[in-house]
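S.K.: Could you have a look at this structure, given as structure tokens, before my questions?
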Amino acid sequence: MMRRRFAIALAVLALATPHALAEDNSACGAPGVTPPKAANQHIGGDYPVLSVMLHEEGTTTLGFVIKQDGTTASVTVVQSSGSLRLDDASVEAVSKNWRYMPAHSADGKPLACPWKAQVRWVLHDSAAAMPEELAAMAIKMKPEDYPPEAFRRGEQGSVTVFVVKLEGMSELLVLVMESSGYADLDQAAARIVKERLKLTGAEFDGKSVPTMAMVVVVWSLGSGKPPAVPPKEP
């Protein structure tokens, strides 16, 4: 299973490209100061697989400091792409991978410099190229699906569940494989999948066999502002 999921991830990432857009050097434009320059390739790192499955795109604007040694520090999101996953991936890429030739004063001393850059996340022909099984693996919950207390606390995350339909059983067996980090979101995800997912019976050589599926349930409040109307109590 892990080998197959890894192969799927590689295939998905081939459809996606994160890259850097214009970088702002206005803060280092004092007279006599030589602004920093990129010392390696500035890209956004690996496209989050779940973002590909959910067709998430956008541009993340980041603010950070280029230190005297050319590394980055204090990387923060100035403007969100609309996806927490893409924003987090942008911050991680800049923090770990981006390097610069640092700014220099007129006498050649390296200077720390505040900086801004954008990382754009774009999917290439994803709607046509995405395998059907991938498109069906991720389900994004609506605000009204949220457990009320989880909604009020602003909890977000993804829950991976393994689903099995056995011969002669009307109910699905649902097992949480990877937690969101919140027990109430995990429990709600398992309940919703059990209630709403319809699996047809599978056969092999004319005999019924168990039907299985892996589902990722995504709990997201968007870019940080929850809807004005909270979900109803179940």
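S.K.: Of the numbered conditions (1) under 29 Å from the mean Cα position of the chain (by Cα); (2) at positive phi, Gly108 satisfies every one except a single condition; which is it?
M.R.: Every listed condition holds for Gly108 apart from (1).
S.K.: Something else now. Any idea which residue in segment 151-181 is modelled with the highest pLDDT, counting only those that are out of contact with any strand residue (DSSP E or B) (no Cβ under 8 Å at 6 or more places or on another chain) and closer than 15 Å to Leu197 by Cα?
M.R.: Glu171
S.K.: Pro31 - would you say it is crowded, with 19+ Cβ neighbours inside 10 Å and within 30 Å of Asp107 (Cβ to Cβ)?
M.R.: No: the conditions fail for Pro31.
S.K.: For segment 167-191, how many residues are in contact with a Gly (Cβ under 7 Å, 6 or more places away or on another chain) and free of Cβ contacts under 8 Å to residues at least 24 places away in the same chain?
M.R.: 0
S.K.: What are the residues in segment 73-108 that are of a type in the set (Ser, Thr, Tyr) and crowded, with 20+ Cβ neighbours inside 10 Å, if any?
M.R.: Within segment 73-108, Ser81, Ser83, Ser90, Tyr100 qualify.
S.K.: Still on this model: If a residue must be over 18 Å from Leu54 (Cα atoms) and not in a strand (DSSP E or B), how many such residues does segment 154-183 contain?
M.R.: 13
S.K.: May I ask you to list pairs of residues, at least six apart or on different chains, whose Cβ atoms are under 7 Å apart, with the first in segment 27-38 being within 11 Å of Cys113 (Cα to Cα) and the second being β-branched (Val, Ile, Thr) and at pLDDT 80 or above?
M.R.: Pro36/Ile66
S.K.: Now, a different point. Check Ser95 against each of (1) in a loop (DSSP other than H, G, I, E, B); (2) modelled with pLDDT of 90 or more; (3) of a type in the set (Gly, Ala, Ser) and name the one condition it does not meet.
M.R.: In the conditions (1) in a loop (DSSP other than H, G, I, E, B); (2) modelled with pLDDT of 90 or more; (3) of a type in the set (Gly, Ala, Ser), Ser95 misses (1) alone.
S.K.: Let me ask something else. For segment 39-57, does any single residue satisfy the condition of being assigned to a strand (DSSP E or B) and either at pLDDT 90 or above or surrounded by fewer than 17 Cβ atoms within 10 Å (Cβ to Cβ) (or both)?
M.R.: yes
The values are calculated or read from the model by the stated rules, or taken from the named source; none is laboratory data. Just so we're clear, the structure is a prediction, and the values are computed from it rather than from any experiment. With ideal geometry, Cβ positions are generated from the backbone for all residues, glycine too; neighbour counts draw on all protein chains shown.
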